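Remarks on the structure that follows.
The values are calculated or read from the model by the stated rules, or taken from the named source; none is laboratory data. Treat the numbers as computed from the prediction; the structure is a model and nothing was measured. Here the Cβ positions follow ideal geometry from the backbone for every residue, glycine too, while neighbour counts run over all protein chains shown.
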């Protein structure tokens, strides 16, 4: 008995197509809310890059997600990024030295091309993310800087700027910005 040869069209699977990459799974499974969140994250990353003065720079053009920032942290951020960020957010060299857990003298000795260590690089990116988010929430950087220099009751009546020396402190400020953004005040 001879078997009939199946036509190529009968082998086409009905129903949802199996996904070959995580990228396809994300795009097929994501809802409008998730897509909006992903777009917000991408826009936020671009804002952080711009905020740090890295936009259009050779080594920073491929930063598009958090994994790319992790690689940048491991490699080290150049001191010139620190200088740009200090100017933009209005911190003095001694304030930045306190935040980075290094002496002011050591910080001043670095050349613009010197790569900061991982802890310092990570703190710079955290600061850029915080100030970028604050600028969005407050509708301007100057308003956010005034808030950072004012005692906040919800934070134990301390200056938000005094919490910048730890990751937990920066997380607290990000959480507070999130509450403010959604109209939830403590």
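Out of the stretch 74-96, which residues are within 22 Å of residue 144 (Cβ to Cβ) and over 18 Å from the mean Cα position of the chain (by Cα)?
83, 87, 90, 91, 92, 93, 94, 95, 96, listed by residue number.
At least 1 residues that are without any contact (Cβ under 8 Å) to a residue 40 or more places away in the chain and out of contact with any helix residue (DSSP H, G or I) (no Cβ under 7 Å at 6 or more places or on another chain) in each: list the helices (runs of 4 or more DSSP H) lying fully within the stretch 68-186 that qualify.
79-89, 104-109, 118-138, 141-148, 167-181
Which residues, counting only those in the stretch 175-186, are surrounded by 15 or more Cβ atoms within 10 Å (Cβ to Cβ) and under 18 Å from the mean Cα position of the chain (by Cα)?
Within the stretch 175-186, 176, 177 meet the criteria.
Can you pull out every residue in the stretch 96-115 that is surrounded by 17 or more Cβ atoms within 10 Å (Cβ to Cβ) and either modelled with pLDDT under 95 or at positive phi (or both)?
Passing the criteria: 107, 110.
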